[in-house]
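Worksheet: the structure to be examined is printed underneath.
The values are calculated or read from the model by the stated rules, or taken from the named source; none is laboratory data. Owing to the predicted nature of the structure, the values given are computational and were not obtained by experimental measurement. Here the Cβ positions follow ideal geometry from the backbone for every residue, glycine too, while neighbour counts run over all protein chains shown. Protein only, heavy atoms only, side chains kept; ligands, DNA and RNA dropped before computing areas. Shrake-Rupley method; radii C 1.70, N 1.55, O 1.52, S 1.80 Å.
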Amino acid sequence: MSLEDRAAVVTGGGRGIGAATARALAAAGARVVISARTAAEIDAVRDELVGQGHRVWSIPCDVTEPEQVESLAAQARQTLGPVQILVNNAGVASSAPLKDLALAEWQRLMAVNATAPFLCTRAFLPGMLDTGWGRVINVASIAGKVGAPYIAGYCASKHAVVGFTRAVAAEVAAHGVTVNAVCPGYVDTPMTDRSVANIASKTGRSEAEARAHLHLSLIH
């Protein structure tokens, strides 16, 4: 599939699924801005892809901060012109029994996983509607479709992403813009590694047993 000269923005683009998405978009011919809070990580991905001859830029942004999201949108438009593809990938995860889930952690999960896609989509969608073509891809999770023990906050935030996706997709479908969510299971990324380590430390399971528990909890 060719995306030659399409303009794309990927949040959470410094590692894991976000970095892989940036690589795939660049390989398909897109011009790509990658963003995340950690400048060193997105700069490293940018340098890797620029070294391969791709057109990639990095812009640091905390996607939970409305002013920073608006600045990201403005800088991306200045760099790329009208942005036609937005991948809302930035996300966080944690696990705890509900009785131990602090309000602050619940709010953090909601801010990054649910509010950030809203802020970014709101910032970039008008440009897509103006040009009559756009693609918004929200990286949700299988946890946005089912429930699992010890991840009530994460599940709730990802269910919110799925509901948000459906609503906005219906709103803009007649205007040349599609809005979709992808719902991966656990992927070999640093975020999964942290979840595995947390389960292993709290339960005494081996890391292999912890990974198996994560997988089974979401498919049953």
Calculated from backbone phi, Karplus (6.51, -1.76, 1.60) coupling profile of region 101-111 in Hz, x at Gly/Pro: 7, 6, 4, 4, 6, 4, 5, 5, 4, 5, 4
Theoretical ellipticity at 222 nm over the chain - DSSP helices of four or more residues, -39500 (n - 2.57) apiece, nearest 500: -16500 deg cm²/dmol
Signed unit charges on C-beta, dipole axis of the chain, positive-most listed residue Ala27, Phe164, Pro60: Phe164
Place a +1 charge on the Cβ of each Lys and Arg in the chain and a -1 charge on the Cβ of each Asp and Glu, then give the dipole magnitude about the Cα centre in debye, rounded to the nearest 20. 400
State, as an integer percentage, the relative contact order of region 124-177 based on alpha-carbon contacts under 8 Å between residues 6 or more apart. 46
Given Cα pairs under 8 Å that are at least 6 residues apart, what percent is the relative contact order of region 1-108? 30
The chain, relative contact order in percent, only Cα pairs under 8 angstrom and at least six apart counted: 17
In the P(r) worked out for the chain, what percent of Cα pairs fall beyond 30 Å? 24
Percentage of Cα-Cα pair distances in region 79-151 greater than 16 Å, rounded to whole percent? 58
Does anything in region 149-176 have its amide N under 17 Å from the 7 Å Cα→Cβ label point of Leu103, and if so which residues? 153
What does the charge count near Asp5 come to, summing +1 for each Lys or Arg and -1 for each Asp or Glu among other residues with Cβ under 14 Å from its Cβ? +2
Inter-probe distance in nm under a simple model that places probes 7 Å from Cα toward Cβ, at Val50 and Trp133: 2.7
How far apart, in nm, are the 7 Å Cα→Cβ label points at Ala173 and Ala74? 3.6
Magnitude of the Cβ-charge dipole (Lys and Arg +1, Asp and Glu -1) of region 1-44 about the Cα centre, nearest 20 debye, reported as 100
Protection proxy (average C-beta count within 10 Å per residue), highest first, orders 14-20, 37-43, 97-103 as 14-20, 37-43, 97-103
Carbon plus sulfur fraction of accessible area for region 89-150, probe 1.4 Å, in percent: 62
If you count, for each residue, the other Cβ atoms within 10 Å and average over each peptide, how do 118-130, 23-35 line up from highest to lowest? 23-35, 118-130
Given a 1.4 Å probe, the accessible area of region 1-41 per residue, as a whole number of Å², is 40
Please list 52-62, 86-96 highest first by mean number of surrounding beta-carbon atoms within 10 Å per residue. 86-96, 52-62
If we count every other residue with Cβ under 13 angstrom of Met128's Cβ, Lys/Arg +1 and Asp/Glu -1, where does the sum land? +2
